[in-house]
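Undergrad: What follows is a structure written as structure tokens; I'll ask about it next.
The values are calculated or read from the model by the stated rules, or taken from the named source; none is laboratory data. Quick caveat, the model's predicted, so the values are computed rather than measured. Every residue, glycine as well, gets a Cβ built from its backbone with ideal geometry; the counts of neighbours run over all protein chains shown. Only protein heavy atoms, including side chains, enter the accessible area calculation; ligands, DNA and RNA are left aside. Shrake-Rupley method; radii C 1.70, N 1.55, O 1.52, S 1.80 Å.
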Amino acid sequence: MIAGKVQWYGQNWARACDFFANDLSNVRSLPEHCGPKCEQTPRCTHFAWNRWNGGTCWMKHGSASKNDAFSTSDSSMICGVLGQHHNHVSNNRNPNSKGWRLIWEDNFDWTGLVDTAKWDFDVGGHGFGNNEKQYYTNNRWENARCELFPHSNNGRLIIEARHEHMHGSSYTSARMKSKQKWTYGRLQIRAKLPTGRGLWPALWMLPERQTYSNTYWPDNGEIDLMEQVGYEPARIHSSIHTKAHNHMIHTHKTDSAIVDDATSNFKIYTLDWYPDKIQTFVGDDGDPFAKHIFTWDKQGDWTKWPFDKPFFVIMNIAVGGNWGGQRGIDNNIFPGRMEIDWVRFYQQS
């Protein structure tokens with residue numbers, strides 16, 4: 001697998017490397033070491049190298065070792081970063097995506113707090129319309145953090161629900177929402193779900209603005225890519241909510257699929273959102289579209305299809321609530337956490 005090109009400058013270091021795979025996306029070299037092509041290319045990752053030694057590129061910046069570099073004895077050849085993690089990400093960066101282009105992503109490849117340039121937090125403990133029992137905190141390490149996998153440059157986001165008292169609530173958790181909004185596209189999230197009676201994790205979308213009627217929800221829509229309740233951890237639900245179709249009047253449109261290893265392995269959850277159709281899928285690295293979950297075709301007026309305006313992504317774990325707490329809360333399962341390897345949004349070319 002060849003990841004990119006190197007422009008060699010003298011005998012000791014490369015002027016610029018243009019990498020389009022997902023390898024080491026948090027690593028940046030000094031800007032003056034980057035060629036104009038790399039500077040002007042969207043999503044280009046810049047690298048600089050400190051040696052040209054027997055055909056091996058040595059990483060100058062970042063935690064990658066020289067063993068991650070592809071060797072060549074010809075400085076005019078292509079040089080790329082290799083490795084087990086990088087292979088799996090690169091092979092699935094744009095799965096079955098002919099005609100799609102990646103426009104936004106977060107890979108969480110560091111240890112530290114969440115990137116607030118990309119994410120906001122809902123904060124509070126007022127039940128959020130569902131009688132939820134948690135207090136959502138604001139970029140608090142215990143509830144939302146990025147961590148590298150052991151012995152890897154690959155990281156993931158951890159959203160963690162905890163049994164602790166805060167501001168009148170008996171539990172804490174996090175509810176993150178993307179600052180970026182989109183109209184139509186493909187949302188993919190690679191995640192491993194929690195298990196435990198009382199937990200209610202979700203990957204979903206809400207509209208940026210209220211444009212229909214005098215009521216934000218449900219009149220302006222909700223798209224649920226993935227919901228799971230801890231007392232039934234292998235069943236993955238996808239739904240839509242509108243003025244005419246919502247759970248408050250027992251008319252929401254929904255379907256589900258059984259994913260036996262959803263809590264033990266990372267799965268890829270896909271939402272395809274078109275001007276006339278919404279579809280969801282769940283799969284793995286080999287086939288992200290292995291199992292169809294749900295389809296909703298456009299019909300009627302805005303009361304059935306308000307999905308024609310910008311929406312943002314939400315990721316959270318609720319505790320209890322009208323659905324998640326139907327069979328009570330098992331306090332022995334805390335802390336419960338959802339791990340998210342990456343989030344990507346594509347739009348059609």
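Undergrad: Just the Cα atoms of the stretch 100-348: what Rg and Dmax do they give in Å?
TA: 17.0, 53
Undergrad: Report the charge-dipole magnitude of the stretch 100-348 in Debye, nearest 20, computed about the Cα centre from +1 at each Lys and Arg Cβ and -1 at each Asp and Glu Cβ.
TA: Details: 28 positive and 31 negative charges, 71 e Å.
Taking the Cα centre of the stretch 100-348 as origin, the dipole is about 340 debye.
Undergrad: Let me make sure I get this right: for the stretch 222-349, a, b and c are the square roots of the gyration tensor eigenvalues over alpha carbons, sorted descending. Under 1.5 in a/c it's rounded, otherwise prolate if a/b > b/c, else oblate. Which is it? It would help to have the intermediate numbers written out before the result.
TA: Working: a/c = 1.98, a/b = 1.27, b/c = 1.56.
Oblate shape, in that a/c is at least 1.5 and b/c is the bigger or equal ratio.
Undergrad: Taking the simple approach of a point 7 Å from Cα along Cα-to-Cβ for both GLU142 and GLU232, what is their distance in nm?
TA: 3.2 nm
Undergrad: State the three equivalent ellipsoid semi-axes of the stretch 166-206, derived from the C-alpha gyration tensor as the square roots of 5 times its eigenvalues, in descending order and whole Å. Mind showing how you got there, number by number?
TA: Numbers: eigenvalues 135, 49, 12 Å².
Three semi-axes, in Å: 26, 16, 8.
Undergrad: Using packing as a proxy for protection, rank 166-178, 296-308 so that the peptide with the highest average count of other Cβ atoms within 10 Å comes first.
TA: On the way: 166-178: 20.4, 296-308: 16.1.
Descending packing order for the listed peptides: 166-178, 296-308.
Undergrad: Please report the orientation-averaged projected area of the stretch 92-206, defined via the convex hull of its C-alpha atoms, in nm². Spell out each step's value before the answer.
TA: On the way: hull surface 35.3 nm².
Its average projected convex-hull area is 8.8 nm².
Undergrad: Another question about this same structure. What FRET efficiency comes out for HIS151 versus ASP308 if R0 is 45 angstrom and r is the Cβ-Cβ distance? Round to the nearest 0.05. Let's see the in-between values first.
TA: Working: r = 46 Å, r/R0 = 1.03.
FRET efficiency, HIS151 to ASP308: 0.45.
Undergrad: Here is a further query. Greater than 20 Å separation of Cα atoms is the criterion. Which listed pairs, LYS243/LYS277; LYS98/LYS309; LYS98/LYS177; LYS179/LYS267; LYS181/LYS291, meet it? If you can, show how the numbers build up before the last one.
TA: Numbers: LYS243/LYS277 17 Å; LYS98/LYS309 24 Å; LYS98/LYS177 28 Å; LYS179/LYS267 24 Å; LYS181/LYS291 27 Å.
Beyond 20 Å between Cα atoms: LYS98/LYS309; LYS98/LYS177; LYS179/LYS267; LYS181/LYS291.
Undergrad: Once the whole set of protein chains is in place, how much accessible area is left on MET248, using a 1.4 Å probe, in Å² to the nearest 10?
TA: Solvent-accessible area, nearest 10 Å²: 120 Å².
Undergrad: Which residue, ALA161, PRO150, ASN131, has the largest displacement toward the positive end of the dipole of the stretch 123-215 when charges sit on each Cβ (Lys, Arg +1; Asp, Glu -1)?
TA: Checking the options against the dipole of the stretch 123-215, the answer is PRO150.
Undergrad: I've got another one for you. At 1.4 Å probe size, what's the solvent-accessible area of HIS126? Round to the nearest 10 Å².
TA: 130 Å²
Undergrad: Sequence neighbours fewer than 8 away in the same chain don't count; with that in mind, list the aspartates and glutamates whose C-alpha is under 12 Å from LYS133.
TA: GLU164
Undergrad: Still on this model: Extension gain ASP260-ILE103, at 0.36 nm per residue separation less the Cα-Cα distance, in nm?
TA: Gain on stretching ASP260 to ILE103: 53.4 nm.
Undergrad: A further question on this structure: Suppose all protein chains stay in the model; what accessible area per residue would a 1.4 Å probe give for the stretch 100-348, in Å²?
TA: Working: 9620 Å² over 249 residues.
Normalised by residue count, the accessible surface of the stretch 100-348 is 39 Å².
Undergrad: In whole percent, how big is the carbon plus sulfur part of the accessible area of the stretch 100-348, probe 1.4 Å, protein atoms only? Working shown, then result.
TA: Numbers: 4260 of 9620 Å².
Using a 1.4 Å probe with all protein chains present, the stretch 100-348 comes out at 44 percent carbon and sulfur.
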